[in-house]
Structures are given as C-alpha cells and as structure tokens.
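*Asks:* Once you've had a glance at the structure underneath, I'll fire off some questions.
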Amino acid sequence: MRDVSATEEVRTQSLPESIRHRFPIFEQRVYINSCSQGALSDAVRQAYEQYLNDWDEKGAPWEYWVERQETARASFAGLVNAAPDEVAVTTSLSAGVASLASGLRFARRSKVVLTDWEFPTIGQIWHAQEARGARIVHVKEAEDGTIPVEHFAAAIDEDTLLVSITHVCYRNGAMIDVREIVDLAHERGAYVLLDAFQSVGSLPVDVKELGVDFLGAGVLKYLLGSAGLGFFYAKRDLVEKVWPTATGWFADQDIFAMDHTDYSPAHTAARFQSGTPPVPAIYAGIAGIELMKEIGIAETRAHVNELNAHLIDGLDELNAQVVTPDSHGALICVKSKDAVALVAALGREGIVTSERDSNLRISAHAYNSVEDVDAVLASLQRHRKLLA
Ligand SMILES: Cc1ncc(COP(=O)(O)O)c(C=O)c1O
C-alpha cells in the first residue's frame with residue numbers, strides 16, 4: 001500500500017490521479033457524493049484498526065485516549081486557524097450548537113436570526129429556545145435562489161442576540177458571503193454562528209478571516225472522517241461569557257477531579273463538551289483531517305471548481321435545471337421530476353449521488369476526475385426524462 005509520501009512524489013499527476021488509489025471504492029464505483037459522506041481512505045481504515053489494536057493490547061488506555069482527543073482538537077484548530085483552547089471536541093455539530101444555546105440568555109436581547117438554508121438541526125435547536133424566551137426569525141431566499149444581504153439587514157436589529165448562518169447549503173449548494181453578514185451583525189451588536197459542515201475540508205475556512213464568533217462542523221463529509229465526531233469553535237473572548245447548562249464531565253475545568261458537588265466549566269471552549277469523547281471516531285477523524293491537509297484544501301477547491309465548471313457546461317447542454325447559484329461550494333444541485341428515482345437509476349449504473357428537496361446532489365471532491373463527471377453526464381443523458 002502506498003503512503004502519503006508516495007502521494008507527494010506523484011504530484012506531477014493530476015490531483016485525483018495522485019490520491020485515488022487510497023480510496024478503494026473507486027475500484028467499484030463512481031463515488032461523487034461527499035456532501036453526504038466522504039469516501040473511505042486507507043488511512044481512516046488503518047486508524048480504526050489502530051483503535052481496536054490499542055484497546056486490545058492496552059486494555060483501558062484512557063490517558064492516551066484523552067491525548068488523542070487533544071490531538072484531534074489541535075488538528076481541527078489548525079485547519080480553521082483557531083487556537084486549540086477555542087475548540088470543543090463534540091460528538092456532532094448539533095451537540096456543540098445545543099450546548100451554546102443552553103448557555104445563552106434571551107433577556108437583554110431575545111432574537112435569533114436564521115436563514116431558510118439551515119440544516120434542520122439548526123432550526124430545531126433555535127426553535128427549542130422559544131420555550132426559554134427566544135424569538136426566532138427566518139431570513140428568506142430571493143427569487144434568484146440567493147439570500148441578498150438586504151434581507152439580513154431587514155432582520156438584524158438591536159434585539160438580535162445571534163445570527164445563525166450556514167456556509168454552504170446542504171440542499172442547493174449555495175455559498176453565503178459570511179464576511180458581509182458578520183460585519184452587519186457585529187455593527188448591530190449581534191454574534192454570528194456559522195454551520196461549516198458543508199464547507200470545511202472542501203475549501204479553506206479561516207475563522208479569523210471570516211470573523212465569526214462561533215462555528216460548528218463535523219468530519220464525515222469533506223474531511224473524510226466518520227460519523228461520531230464534531231467540533232465547535234468559540235472565539236476566545238466569548239468562551240467565558242457563555243454558561244452552558246447542557247453539559248457533562250468532559251466540559252469541566254479538571255475532568256479527573258471527579259467532583260460531583262459543583263459545576264465549574266472549563267475556562268476554554270471545552271466547556272461546550274459533554275460526556276465521554278467519541279474515541280473511535282477521534283482516531284478516524286484525525287486520520288481524515290490530516291489526509292485532507294496533506295492533499296491540500298486550497299488545491300482541492302481549485303480542482304473541484306474546474307470539475308464543476310465542466311459539470312455545469314454539460315448540464316446546460318442537457319437543458320438540465322441547475323438550482324445552485326453562481327456562488328457555491330463543492331455541491332451542485334439539479335432539479336429532478338423524481339430525485340429518488342434518479343439517484344437509484346444512477347446507482348444502478350455504479351454512480352453514487354444523493355438527493356434532497358427534489359434535487360439531485362452531485363458533490364465532487366479531491367479524488368474525483370473529469371471522467372467521473374463525464375460518467376454522471378452520460379448517465380443523466382440516458383435518464384433525461386427524470387430531469388425537470
Ligand atoms: C449543513 C449541515 N449541518 C449539519 C449537519 C449534521 O450535523 P450533526 O453532526 O449534528 O448531525 C449536516 C449533515 O448532513 C449538514 O449538512
């Protein structure tokens with residue numbers, strides 16, 4: 001099996017040529033569905049094997065496993081240009097956001113502004129806060145499929161505590177101009193939470209450049225990890241302003257103090273954690289993140305942009321209705337008469353995609369090639385009647 005250094009050596013090849021051998025699924029299928037789940041690499045498989053070996057050989061190496069958690073924290077922090085003490089290691093994006101929500105008071109300011117592009121979990125967590133006095137306001141999308149900044153300007157006011165936005169929408173691929181909304185929100189004294197699940201790993205995400213106050217993500221899509229691991233970033237000067245009431249012993253100042261007589265949350269973003277960390281998913285997550293850093297995230301973005309330009313040209317030739325606006329992430333969505341049937345038809349031809357909201361979702365990553373895109377286009381031509 002070739003390793004990462006072999007990957008480096010063959011960089012004169014195209015990006016997919018140099019890394020594809022590390023993802024066995026391509027021996028069987030055209031996998032172009034990273035918006036749903038990243039492909040399994042040799043590195044992530046080895047990480048899971050390592051977890052089992054460590055468990056088998058060492059029994060209960062909890063100190064080491066806590067160290068692995070710290071490695072994961074530092075790895076994610078480096079990825080998004082945060083400091084490790086600004087990052088919580090969580091079991092999902094939802095867990096981090098729910099912890100934040102539990103620590104906010106909706107007294108001085110009571111409004112949470114979110115968009116119609118949010119993943120259900122975000123809407124559900126904020127609407128759950130209505131029972132605690134929050135007022136939830138949705139910013140609507142315009143006719144052209146974008147959300148103009150004026151829509152935010154009309155919603156964010158002196159009563160707004162938090163603006164909750166998603167970097168790349170999971171059901172149409174639209175990418176929001178984060179900085180523009182951050183500037184507006186901050187001008188009006190509101191915080192900004194960014195759901196970066198659909199962007200992290202597929203394009204550079206820098207919390208300092210974006211200026212966001214909080215960010216949630218998971219590793220199972222473009223970061224090539226598995227289910228069970230998420231991260232939550234909180235800007236250092238805001239960490240101690242939030243007092244999570246949904247908590248657990250791994251959020252404590254000293255997890256080994258084993259003190260059940262008080263609540264002393266960590267002075268760091270670890271206060272947004274809860275119980276035992278997801279150790280197996282942490283092994284896999286570290287391997288996935290490090291592999292993506294090795295492959296290069298800016299290089300991946302440039303490569304996927306080229307593939308998507310080719311894809312969109314081909315879709316136009318098929319007269320397909322691309323619902324993804326010009327500003328988009330890795331995900332491209334196409335309107336379908338029956339998206340479930342279309343995904344199944346592609347699947348029968350060995351092409352793995354997914355669907356949401358009557359749209360076929362095609363999401364290329366570093367390992368996808370022009371040939372993959374051509375295979376999708378050829379299959380869509382054969383199933384033209386299922387396109388809207
Ligand atoms: C934009 C976005 N947010 C959140 C999630 C899921 O978050 P969680 O880790 O809480 O399941 C997904 C997963 O599909 C997503 O696409």
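*Asks:* Report yes if some residue within the range 130-150 is within 16 Å of the ligand (Cβ to nearest atom) and small (Gly, Ala, Ser); otherwise report no.
*Replies:* No, that holds for no residue.
*Asks:* Given (1) surrounded by 15 or more Cβ atoms within 10 Å (Cβ to Cβ); (2) closer than 30 Å to residue 81 by Cα, identify the lone condition not met by residue 373.
*Replies:* (2)
*Asks:* OK, next. How about the range 55-83: which of its residues are among the acidic types (Asp, Glu) and either touching a residue at least 40 places away in the same chain (Cβ under 8 Å) or closer than 27 Å to residue 21 by Cβ (or both)? So that I can check it myself, show each step before the final result.
*Replies:* Filtering the range 55-83 down to residues among the acidic types (Asp, Glu) leaves 56-57, 63, 67, 70.
Correct list: empty.
*Asks:* Here are some residues: 247, 261. Which one is closer than 19 Å to residue 216 by Cα, not in a strand (DSSP E or B) and not aliphatic (A, V, I, L, M)?
*Replies:* Among 247, 261, only 247 is closer than 19 Å to residue 216 by Cα, not in a strand (DSSP E or B) and not aliphatic (A, V, I, L, M).
*Asks:* Tell me whether the range 297-309 contains one or more residues that are part of a helix (DSSP H, G or I) and under 30 Å from residue 53 (Cα atoms). Let's see the steps before the verdict.
*Replies:* Within the range 297-309, the subset part of a helix (DSSP H, G or I) is 297-309.
Restricting the remaining residues to those that are under 30 Å from residue 53 (Cα atoms) gives none.
No, that holds for no residue.
*Asks:* Out of all the residues in the range 216-224, is one or more within 16 Å of the ligand (Cβ to nearest atom), more than 22 Å from residue 294 (Cβ to Cβ) and either in a helix (DSSP H, G or I) or free of Cβ contacts under 8 Å to residues at least 60 places away in the same chain (or both)? Full working, then the answer.
*Replies:* Our first condition is that a residue be within 16 Å of the ligand (Cβ to nearest atom); within the range 216-224, this holds for 216-224.
Next, only the ones that are more than 22 Å from residue 294 (Cβ to Cβ) stay: 216.
Next cut, either in a helix (DSSP H, G or I) or free of Cβ contacts under 8 Å to residues at least 60 places away in the same chain (or both) only: none.
No, every residue in the range 216-224 fails to be within 16 Å of the ligand (Cβ to nearest atom), more than 22 Å from residue 294 (Cβ to Cβ) and either in a helix (DSSP H, G or I) or free of Cβ contacts under 8 Å to residues at least 60 places away in the same chain (or both).
*Asks:* Check the range 92-102 and report whether any residue there is of a type outside the set (S, T, N, Q), under 23 Å from residue 275 (Cβ atoms), crowded, with 18+ Cβ neighbours inside 10 Å and away from the ligand (no atom under 16 Å from the Cβ). Give the steps one after another, and end with the answer.
*Replies:* Residues of the range 92-102 that are of a type outside the set (S, T, N, Q), as a first pass: 93, 95-98, 100-101.
Filter again for under 23 Å from residue 275 (Cβ atoms), leaving 93, 95-98, 100-101.
Cutting the leftovers down to crowded, with 18+ Cβ neighbours inside 10 Å gives us 93, 95-98, 100-101.
Subset that is away from the ligand (no atom under 16 Å from the Cβ): none.
No: the range 92-102 contains no residue that is of a type outside the set (S, T, N, Q), under 23 Å from residue 275 (Cβ atoms), crowded, with 18+ Cβ neighbours inside 10 Å and away from the ligand (no atom under 16 Å from the Cβ).
*Asks:* Based on what the data block shows, is residue 116 at pLDDT below 95, within 14 Å of the ligand (Cβ to nearest atom) and over 17 Å from the mean Cα position of the chain (by Cα)? Give the steps one after another, and end with the answer.
*Replies:* On the way: at pLDDT below 95: yes; within 14 Å of the ligand (Cβ to nearest atom): yes; over 17 Å from the mean Cα position of the chain (by Cα): yes.
Yes, satisfied.
*Asks:* Quick check on this structure: which one of 13, 50 is among the polar types (S, T, N, Q), surrounded by fewer than 17 Cβ atoms within 10 Å (Cβ to Cβ) and either in a loop (DSSP other than H, G, I, E, B) or within 16 Å of the ligand (Cβ to nearest atom) (or both)? Walk me through how you get there before you give the answer.
*Replies:* On the way: 50 fails: either in a loop (DSSP other than H, G, I, E, B) or within 16 Å of the ligand (Cβ to nearest atom) (or both).
None of the others qualify; the one that does is 13.
*Asks:* Could you go through the range 298-309 and let me know if any residue there is touching a Ser or Thr at 6+ places or on another chain (Cβ under 9 Å) and of a type in the set (A, V, I, L, M). Break it down into steps so the answer makes sense when it comes.
*Replies:* Kept after step one, since they are touching a Ser or Thr at 6+ places or on another chain (Cβ under 9 Å), are these residues of the range 298-309: 300-301, 303-304, 307-308.
Within this subset, residues satisfying the condition of being of a type in the set (A, V, I, L, M) are 304, 307.
Yes, the range 298-309 contains a residue that is touching a Ser or Thr at 6+ places or on another chain (Cβ under 9 Å) and of a type in the set (A, V, I, L, M).
*Asks:* Of all residues being part of a loop (DSSP other than H, G, I, E, B) and out of contact with any helix residue (DSSP H, G or I) (no Cβ under 6 Å at 6 or more places or on another chain) in the range 339-367, which is surrounded by the most Cβ atoms within 10 Å (Cβ to Cβ)? Just the residue, please.
*Replies:* Filtering the range 339-367 down to residues part of a loop (DSSP other than H, G, I, E, B) leaves 349-350, 353, 357-358, 364-367.
Then drop every residue that is not out of contact with any helix residue (DSSP H, G or I) (no Cβ under 6 Å at 6 or more places or on another chain), which leaves 350, 357, 365.
On the way: 350: 12, 357: 13, 365: 28.
My answer is 365.
*Asks:* Could you say which residue among 183, 195 is surrounded by fewer than 24 Cβ atoms within 10 Å (Cβ to Cβ) and modelled with pLDDT of 95 or more? Can you show your working first?
*Replies:* Details: 195 fails: surrounded by fewer than 24 Cβ atoms within 10 Å (Cβ to Cβ).
Sole residue among the options that is surrounded by fewer than 24 Cβ atoms within 10 Å (Cβ to Cβ) and modelled with pLDDT of 95 or more: 183.
*Asks:* Would you say residue 11 is basic (Lys, Arg), under 30 Å from residue 361 (Cβ atoms) and modelled with pLDDT under 95? Step through it out loud before you land on a result.
*Replies:* Numbers: basic (Lys, Arg): yes; under 30 Å from residue 361 (Cβ atoms): yes; modelled with pLDDT under 95: yes.
So residue 11 fits the description; yes.
*Asks:* Residues of the range 225-249 being surrounded by fewer than 22 Cβ atoms within 10 Å (Cβ to Cβ) and either free of Cβ contacts under 8 Å to residues at least 40 places away in the same chain or within 13 Å of the ligand (Cβ to nearest atom) (or both), which ones?
*Replies:* If the condition is that a residue be surrounded by fewer than 22 Cβ atoms within 10 Å (Cβ to Cβ) and either free of Cβ contacts under 8 Å to residues at least 40 places away in the same chain or within 13 Å of the ligand (Cβ to nearest atom) (or both), then 227, 228, 237, 240, 241, 248, 249 are the ones that fit.
The values are calculated or read from the model by the stated rules, or taken from the named source; none is laboratory data. None of these values were measured; they are calculated from a predicted model. For neighbour counting, all protein chains shown are included, and Cβ atoms are generated from backbone atoms with ideal geometry for every residue, glycine included.
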